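> Here's a structure for you.
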Amino acid sequence: MNLEPSNVEELCTRIDELLIILKRVVEDLESVSKSLKEVTTTSSPLTSVPAPSLTPAEQPRTLEDIKMMFPEELEALLSFEDKGEFIMIKPRQFLGSENFAKIASIVRSAGGEYKSAGKDSHFKVPKKT
């Protein structure tokens, strides 16, 4: 099978996007599993279980949650800083167009954006979804 470099890059980008989605599904399933375990151990009737105050999609993301969105090879190129309402992501070195595009895609899929400011350029990802 002979693939052109542009097709391979497109496939890699798509795979990275799917990995992000799968990580979120895993987090949701873990939360549901934990809730079900609490229900079975703390009460017998299901009607006595209070509704959770925040659904997994509404829970604020942590610095570690944001880091997990990136493959290891990209994460190593970046520094992450908690700025209260958002996580600031700065490159540790020149990223090149391919790595920049991959990082920008992940940031956008997480609701974030790129701020161009010369040496202070960075990505911003909100903690709340």
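> Does any residue of the range 80-90 turn out to be surrounded by 10 or more Cβ atoms within 10 Å (Cβ to Cβ) and modelled with pLDDT under 90?
Taking the range 80-90 as the starting set, the residues that turn out to be surrounded by 10 or more Cβ atoms within 10 Å (Cβ to Cβ) are 80-83, 85-90.
Narrowing the set further to residues that are modelled with pLDDT under 90 leaves none.
Checked against the condition, which is being surrounded by 10 or more Cβ atoms within 10 Å (Cβ to Cβ) and modelled with pLDDT under 90, the range 80-90 yields no hits at all.
> Return only the number of the condition from (1) surrounded by 15 or more Cβ atoms within 10 Å (Cβ to Cβ); (2) within 21 Å of GLU10 (Cβ to Cβ) that GLU98 does not satisfy.
Answer for GLU98: the failing condition is (1).
> PHE70 - would you say it is free of Cβ contacts under 8 Å to residues at least 60 places away in the same chain, aromatic (Phe, Trp, Tyr) and assigned to a helix (DSSP H, G or I)?
On the way: free of Cβ contacts under 8 Å to residues at least 60 places away in the same chain: yes; aromatic (Phe, Trp, Tyr): yes; assigned to a helix (DSSP H, G or I): no.
Taking the combined requirement at face value, the residue does not satisfy it.
The values are calculated or read from the model by the stated rules, or taken from the named source; none is laboratory data. The shown structure was predicted, so the numbers you read here are calculated from the model rather than taken from an experiment. All Cβ positions, even for glycine, are placed from backbone atoms using ideal geometry, and neighbour counts span all protein chains on display.
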